[in-house]
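Read the structure below first, then the notes.
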Amino acid sequence: MAVRFLNRDVSDLCLGKPALRSIPENATVAEALLLLKRSGETHVSVWNCDHSSSVLEKVKADDDDGCHCVGKISMVDVICFLSKQENLIDSSKAFEVPISKLLPKGDSIVRHLEPNSSLLEAIDYMIEGTQNAVIPIYNYASTDSRRKSSSPRSTHHNGVEYCWLTQEDVARFLLNSIGVFSPMPTFSIESLNIIDHNIMTVGYHDPAISALDSIKLANIEQTALAVVDNDNKLIGEISASTLAYCDEDVAAAITTLSAGDLMAYIDYGGPPEDLVGLVKMRLQEKKLGLMTKLMEEEFSVSSSSSSACSCSSDDESGSSRNGSGRYSSSRRSEAITCYPGSSLAAVLIQALAHRASSVWVIDEDHNLVGAVSFKGILKVFRSIANARLKPETQNLSTQ
């Protein structure tokens, strides 16, 4: 039953999925930033071709130019890029850099899959490091009606739009049919050996900039950075899922604040005024006038827009956005925790309920033990398929 379930087509998970928004890889950081704010998306797909309407008019139905999604860009990528010393000094120049320079090197974190690919195949790629599977959505409506219904900058190529599946999407789909995998979901995460002890931490009073490389890695691996005290007790976290709803001025906060203050700066509701003042003062001390000006413009637009615009909810992302583009996430910097004896089902429900890509594991004394990620959970479901597939294979070989 479990093997048969995991052999379902990935297209079953695409029902109701919106078409991807796209941007060409030669677009600038400024253009990506504008699209992220206007679209309300946490991530935008990056392609090695242009899907703008002016270009699409020239594309023939039988043309195959090898157009592919080569990555994704998020506010976290922009924030980490602007936090580099050379970009803080000349932020105006940094905004003109092509976004291809921001994409992680090495294996791509996105991968194209056909709609008839199995769920098992998608899980295998995600275990190997894929974050997003890019799936074509075939639309048989007329060309004119497709153009009218397509969202601005949607990934519409040769009559095909695309959606993507995340590790969270797959985990949610598995939870909805968790009974198929019984009794495994009732086992503890410790007994299933899925607690990752190789976690990234930063001290509460340490400079946030010292953890910049860890923040970038957490974004690539869809994890988080634990903020701990001197006794290794968990205080909170700095996660990509929270930073994705912030604005680019957070780069200034990373440069000037401690890890503990950064948690408060990016927390739900926006940064406290005293921390904003502290960041501006330290920017002036470092003679980073352009970044100070950027902060003043950002907060000026935000405050004027918030009084004139009401926040609109976004059920897909669990966020709200006002007219200025400033996001407020439903996530807080408070870490989501569980215990080694917690069941797999309980941890999975926790992660999905809080939209957390990983759940921290602590002991009874609140010491940090490790973390459980969607990737680790998917490995368990994959191992069940292997275990149940072997007897079937042996039976066939004896016949």
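The values are calculated or read from the model by the stated rules, or taken from the named source; none is laboratory data. Keep in mind the model is a prediction, meaning the values are calculated, not measured. Ideal geometry is used to build each Cβ from the backbone, glycine not excepted, and the neighbour counts take in all protein chains shown. In case anyone asks, the SASA skips ligands and DNA or RNA and just uses the protein heavy atoms, side chains included. Shrake-Rupley method; radii C 1.70, N 1.55, O 1.52, S 1.80 Å.
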(request) Collect the residues in the stretch 203-214 that are assigned to a helix (DSSP H, G or I) and touching a Leu at 6+ places or on another chain (Cβ under 9 Å), keeping them in residue-number order. (result) Ala208, Ile209, Ala211, Ser214
(message) If the requirement is being within 23 Å of Leu102 (Cβ to Cβ), modelled with pLDDT under 95 and not polar (S, T, N, Q), which of these qualifies: Ile209, Ile215, Ile220?
(response) Ile220
(request) Say whether the condition of being part of a strand (DSSP E or B) and modelled with pLDDT of 90 or more is met by at least one residue in the stretch 330-340. (result) yes
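Here's the yes/no breakdown for (1) free of Cβ contacts under 8 Å to residues at least 60 places away in the same chain; (2) open to solvent by less than 60 Å² (accessible area, probe 1.4 Å); (3) touching a strand residue (DSSP E or B) at 6+ places or on another chain (Cβ under 8 Å):
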residue: Met1; (1), (2), (3): no, no, no
residue: Asn7; (1), (2), (3): no, no, yes
residue: Gly16; (1), (2), (3): yes, no, no
residue: Thr28; (1), (2), (3): no, yes, yes
residue: Leu34; (1), (2), (3): yes, no, no
residue: Arg38; (1), (2), (3): no, no, no
(request) State whether the residues of the stretch 253-272 include one that is more than 23 Å from Asp77 (Cα to Cα) and modelled with pLDDT under 90. (result) yes
(message) Just the residues that are over 18 Å from the mean Cα position of the chain (by Cα) and either of a type in the set (Lys, Arg) or surrounded by 18 or more Cβ atoms within 10 Å (Cβ to Cβ) (or both), please, taken from the stretch 79-119.
(response) Leu82, Ser83, Lys84, Asn87, Leu88, Ser91, Lys93, Ala94, Phe95, Lys101, Leu113, Leu119
(message) If the requirement is being free of Cβ contacts under 8 Å to residues at least 12 places away in the same chain, open to solvent by 40 Å² or more (accessible area, probe 1.4 Å) and on the phi < 0 side of the Ramachandran plot, which of these qualifies: Pro183, Pro207?
(response) Pro183
(request) Quick one: Val359 ticks every box in (1) closer than 27 Å to Tyr125 by Cα; (2) touching a residue at least 24 places away in the same chain (Cβ under 8 Å); (3) β-branched (Val, Ile, Thr) except a single one, so which number is it? (result) (2)
(message) Given the criteria in a helix (DSSP H, G or I) and either at pLDDT below 90 or among the basic types (Lys, Arg) (or both), does Arg388 qualify?
(response) yes
